[in-house]
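S.K.: To start, I am sharing the structure in question, which I have written as structure tokens.
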Protein chains: 2
Amino acid sequence: MPKPISSQVKTHTESEENYIKALYHLGGEKAVNNGALAHRIGAKGPSVTQAVKRLANKNLVEAIPYKGVKLTEKGTALATHILRKHRLWETFLVEKLGFGWEEVHDIAEQLEHVQSPEMVEKLAKYLGSPIHDPHGDPIPQPNGAIPPILGKPLQQFATSDTLRVVRVEDAGTDFFTQLQVLNITLGSEFTLASISSFDSSIQLRGADGTLFWLSHSMSSNIYVISL
Amino acid sequence: MPKPISSQVKTHTESEENYIKALYHLGGEKAVNNGALAHRIGAKGPSVTQAVKRLANKNLVEAIPYKGVKLTEKGTALATHILRKHRLWETFLVEKLGFGWEEVHDIAEQLEHVQSPEMVEKLAKYLGSPIHDPHGDPIPQPNGAIPPILGKPLQQFATSDTLRVVRVEDAGTDFFTQLQVLNITLGSEFTLASISSFDSSIQLRGADGTLFWLSHSMSSNIYVISL
DNA sequence: AGATTGGTTTAGGCAAAACTAAACTTTTAA
DNA sequence: TTAAAAGTTTAGTTTTGCCTAAACCAATCT
Ligand SMILES: [Mn+2]
Ligand SMILES: [Mn+2]
Ligand SMILES: [Mn+2]
Ligand SMILES: [Mn+2]
């Protein structure tokens, strides 16, 4: 009475997909150098050189030794599809399961590797075909099109501007934790109180009058519109 | 402007988890021999011997060479937790995304390996804390308890009994396809028309009077209650 | 230009997870 | 109670994906 086994047709490994996603984030169209990719992936140089060779063999990237790596069209299509999954799952986790926006990234990092095109489209429909995720990031469409990228970095605004947060970068758990500490969320409104000419840090005044400083590395990941 | 990387703390590999799940299905408490495990996993003997050594090193199984492998308490706990995830995801895919019950197993095979205890419990709550999945299989509870196992195999009933399908075994895509062809689903009601004494195949009469035969390998995976 | 430095690639290892072929137990049959 | 058959383990390879150390290229500074 032994039972048959299932047929998981995984076309790409998780590692492969992570490299493709990292390349998309770092480069888009442009070539990315070994070091940047290594830092993003969290691996050492030689591991990356090797991984890039595997990706090149599958026509997902084009690489020129000592110069850089670039996604092919096939690679870009894969990248946007993974990103679509990541952001749909984040939306599901926040909207349906009730997670906080700061909790969902790491779980979506796993869910984005589940391979089932039918499920992705059923999930999208179930969520109401959203075009932005809980962090305000655009959700790539099935054809690869990218919806509008909301807002501009805080740096690009001037003192006394009234601002609304419309997007934050997926920049890891520590960043989100810090956002939560500062009570900053999508839709939060602030007045730009001052900008340090020394280290580009930014002082904001909240709706309740509270004043606080944001380091450059924090504010560069926060995108706002002027009201 | 390189971004930090995420911290996926995968405590078990996918392969490991598949072995644990297979052992649970084949043996439960009892020891399982190499060949049965190999057949279930879809690997050859030596791969299994090797894998079992890795599992034994992590105290997930106890193995006696040439005799068999058995799950430890830790291994059993892991198995039921994976099974819980599998069946909750199947329920989600059918109840929320609108998949057919024959389509969800392979996708759940992937989703069951996503590691986030918080998500599992939020998912369970979101689904209304179900105790049986779309195939009628019991969904293990957070403490490892197994809800009632519904029904008995068709073989155990007699001619002219009136029966209702309450469960089918997860027995692969081909089996589900065949169920669909025969228009058998959870809740379907039949009368047992006859049993072949030659090959144990069973003839059923549907509500509409249709008569059809089920091979032993089909009917042994279909569980019913007598009305 | 020549030398130093930083980034990249090559060389050589290691662990997981699969395989085949060969050796070795255990079971079954003569 | 041996001998054959069946099942399991060992030995040796392969691929993926990571590592360190050493060699190598390219940019920069004197
Ligand atoms: Mn994210
Ligand atoms: Mn996001
Ligand atoms: Mn299943
Ligand atoms: Mn099921």
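S.K.: Give me the orientation-averaged projected area of the Cα convex hull of the protein assembly as shown, in nm², one decimal.
M.R.: Numbers: hull surface 109.7 nm².
Mean projected area for the protein assembly as shown: 27.4 nm², to one decimal.
S.K.: Right, something else. Suppose each label sits 7 Å from its Cα in the direction of the beta carbon; what would the B:ASP161-B:PHE212 distance come out to in nanometres?
M.R.: 2.1 nm
S.K.: Next question. From the protein chains alone at 1.4 Å, what is the descending order of accessible area for A:PHE198, B:PHE190, largest first?
M.R.: On the way: A:PHE198 185, B:PHE190 20 Å².
Most to least solvent-accessible, the answer reads A:PHE198, B:PHE190.
S.K.: I want to check the label-to-label distance for A:GLU29 and A:ARG205. Put each point 7 Å from Cα in the C-beta direction and report it in nm to one decimal.
M.R.: Placing both labels 7 Å along Cα→Cβ, they lie 4.2 nm apart.
S.K.: In nm to one decimal, list the spacings between the A:GLN156 label point and its equivalents in the other copies, with label points set 7 Å along Cα to Cβ, shortest first.
M.R.: 6.9
S.K.: Which percent of the Cα-Cα distances in chain B go past 30 Å?
M.R.: Working: 8936 of 25651 pairs.
That tail contains 35 percent of the Cα-Cα pairs.
S.K.: In the structure displayed, which of B:LYS70/B:LYS122; A:LYS85/B:LYS85; A:LYS21/A:LYS122; A:LYS10/A:LYS125 lie more than 26 Å apart, Cα to Cα? It would help to have the intermediate numbers written out before the result.
M.R.: Values: B:LYS70/B:LYS122 32 Å; A:LYS85/B:LYS85 20 Å; A:LYS21/A:LYS122 23 Å; A:LYS10/A:LYS125 24 Å.
Long pairs (Cα-Cα over 26 Å): B:LYS70/B:LYS122.
S.K.: At a probe radius of 1.4 Å, what is the per-residue accessible area of A:THR13, in Å² to the nearest 10?
M.R.: Surface accessible to solvent at A:THR13 totals approximately 70 Å².
S.K.: Rg/Rh for the range A:79-213 to two decimals, with Rh computed the Kirkwood way over all alpha-carbon pairs.
M.R.: Working: Rg = 16.7 Å, Rh = 16.2 Å.
When Rh is taken as the Kirkwood radius, the ratio is 1.03.
S.K.: Quick one: check the C-alpha center-to-center distance for the range A:63-121 versus the range A:186-227, whole angstrom.
M.R.: The distance from the Cα centre of the range A:63-121 to that of the range A:186-227 comes to 29 Å.
S.K.: Right, here's the next one. Specify the angular offset, from 0 to 90 degrees and rounded to the nearest 10, of the alpha carbon long axis of helix A:73-95 from the longest principal axis of the alpha carbons in chain A.
M.R.: Result, in degrees: 60.
S.K.: Could you give the alpha-carbon Rg of the range B:84-143 over 2.2 N^0.38 Å, rounded to two decimals?
M.R.: 0.99
S.K.: Return the distance in nm (one decimal) between the two label points of a simple spin-label model at B:ILE225 and B:PHE198, each offset 7 Å from Cα along Cα→Cβ.
M.R.: 3.6 nm
S.K.: Return the average number of partner chain Cβ atoms within 10 angstrom of each residue Cβ along peptide B:146-159.
M.R.: Details: counts 0, 0, 0, 0, 0, 0, 0, 0, 0, 0, 0, 0, 0, 0.
Partner Cβ neighbours, averaged per residue: 0.
S.K.: Relative to a virtual label point 7 Å from the Cα of A:GLU121 in the Cα→beta-carbon direction, which members of the range B:99-138 show backbone nitrogen distances below 16 Å?
M.R.: B:99-100, by backbone N distance to the label point.
S.K.: While we're on this one: From the phi of every residue in the range B:101-106, what ³J(HN,Hα) in whole Hz does the Karplus formula 6.51 cos²θ - 1.76 cosθ + 1.60 yield, where θ is phi - 60° and glycine or proline is x?
M.R.: Listing the rounded values in order: 5, 7, 9, 8, 4, 5 Hz.
S.K.: Now for a different question. Let's see if you can work this out: charge +1 on each Lys and Arg Cβ, -1 on each Asp and Glu Cβ, no other charges. What is the dipole magnitude of chain B about its Cα centre, in debye to the nearest 20? Present the calculation step by step, with values, prior to reporting the outcome.
M.R.: Numbers: 22 positive and 24 negative charges, 173 e Å.
Rounded to the nearest 20 debye, it is 840 debye.
S.K.: Using the alpha-carbon atoms, what tilt in degrees (0 to 90, nearest 10) does helix A:117-126 show relative to the longest principal axis of chain A?
M.R.: 30 degrees
S.K.: Among the GluC sites (Glu not before Pro) within the range A:26-102, which fall in a DSSP loop and have no more than 16 other Cβ atoms within 10 Å of their own Cβ?
M.R.: A:GLU29
S.K.: Return a whole-number percent for the relative contact order of chain A, with Cα pairs under 8 Å and 6 or more residues apart as the contact set.
M.R.: 15 percent
S.K.: Another question, then. Given label points at 7 Å from Cα along Cα→Cβ, what nm distances, shortest first, separate A:GLY45 from the same residue in every other copy?
M.R.: Listed shortest first, these distances are 4.8 nm.
S.K.: Can I ask one more? Working from the alpha-carbon coordinates of the range B:134-195, get Rg over Rh, Rh being the Kirkwood radius.
M.R.: Values: Rg = 13.5 Å, Rh = 13.2 Å.
Result for the range B:134-195 is an Rg/Rh of 1.02.
S.K.: Choose one of B:ALA56, A:VAL9, A:LEU60: the residue whose Cα lies farthest towards the positive end of the charge dipole of the protein assembly as shown (beta-carbon charges +1 Lys, Arg; -1 Asp, Glu; about the Cα centre).
M.R.: B:ALA56
S.K.: Once you've got the GNM for chain B with C-alpha springs shorter than 10 Å, pick whichever of B:ALA63, B:ALA108, B:ALA207 has the biggest mean-square fluctuation.
M.R.: Evaluated over chain B, the most mobile residue of the options is B:ALA207.
S.K.: Which chymotrypsin sites (Phe, Trp or Tyr not before Pro) does the range A:61-143 hold that lie in a coil by DSSP with at most 15 other beta carbons within 10 Å?
M.R.: When the chymotrypsin sites (Phe, Trp or Tyr not before Pro) of the range A:61-143 are filtered for loop state and at most 15 Cβ neighbours within 10 Å, A:TYR66 remain.
S.K.: Which Rg and Dmax, in Å, describe the Cα atoms of the range A:11-145?
M.R.: Every Cα atom of the range A:11-145 included, Rg and Dmax give 15.3, 46 Å.
S.K.: State, to one decimal in nm², a quarter of the convex hull surface area for the C-alpha atoms of the range B:68-116, i.e. the direction-averaged projected area.
M.R.: On the way: hull surface 17.0 nm².
Computed as one quarter of the Cα hull surface, the answer is 4.2 nm².
S.K.: Here is a further query. What number does the range A:14-71 give for Rg over Rh if you use C-alpha atoms and the Kirkwood radius? Mind dumping the intermediate values first?
M.R.: On the way: Rg = 9.6 Å, Rh = 10.8 Å.
Taking Rg over the Kirkwood Rh, I get 0.89.
S.K.: Counting only other chains, and only Cβ atoms inside 10 Å, what mean value do you get across the residues of A:168-174? Don't skip to the end; give the middle numbers.
M.R.: Details: counts 0, 2, 2, 2, 5, 3, 2.
That works out to 2 on average.
S.K.: Between beta-carbons, use under 13 Å as the cut-off and find the net charge around B:PRO138, counting Lys and Arg +1, Asp and Glu -1.
M.R.: Numbers: positive: B:ARG84, B:ARG87, B:ARG167; negative: B:GLU90, B:ASP133, B:ASP137, B:GLU169, B:ASP170.
Once all neighbours under 13 Å are counted, the net charge is -2.
S.K.: For a quick check of understanding: with a 1.4 angstrom probe and all protein chains in place, what accessible area in square angstrom does A:THR76 have, to the nearest ten?
M.R.: About 40 Å², rounded to the nearest 10.
S.K.: Tilt of helix A:45-57 relative to the longest C-alpha principal axis of chain A, in degrees (0 to 90, nearest 10)?
M.R.: Helix A:45-57 and the main axis of chain A meet at about 60 degrees.
The values are calculated or read from the model by the stated rules, or taken from the named source; none is laboratory data. What you see is a predicted model, and the numbers here were worked out from it, not measured in a lab. We place every Cβ from the backbone using ideal geometry, glycine too, and count neighbours over all the protein chains shown. Quick note on the areas: whole protein, heavy atoms, side chains included, nothing else; ligands and nucleic acids left out. Shrake-Rupley method; radii C 1.70, N 1.55, O 1.52, S 1.80 Å.
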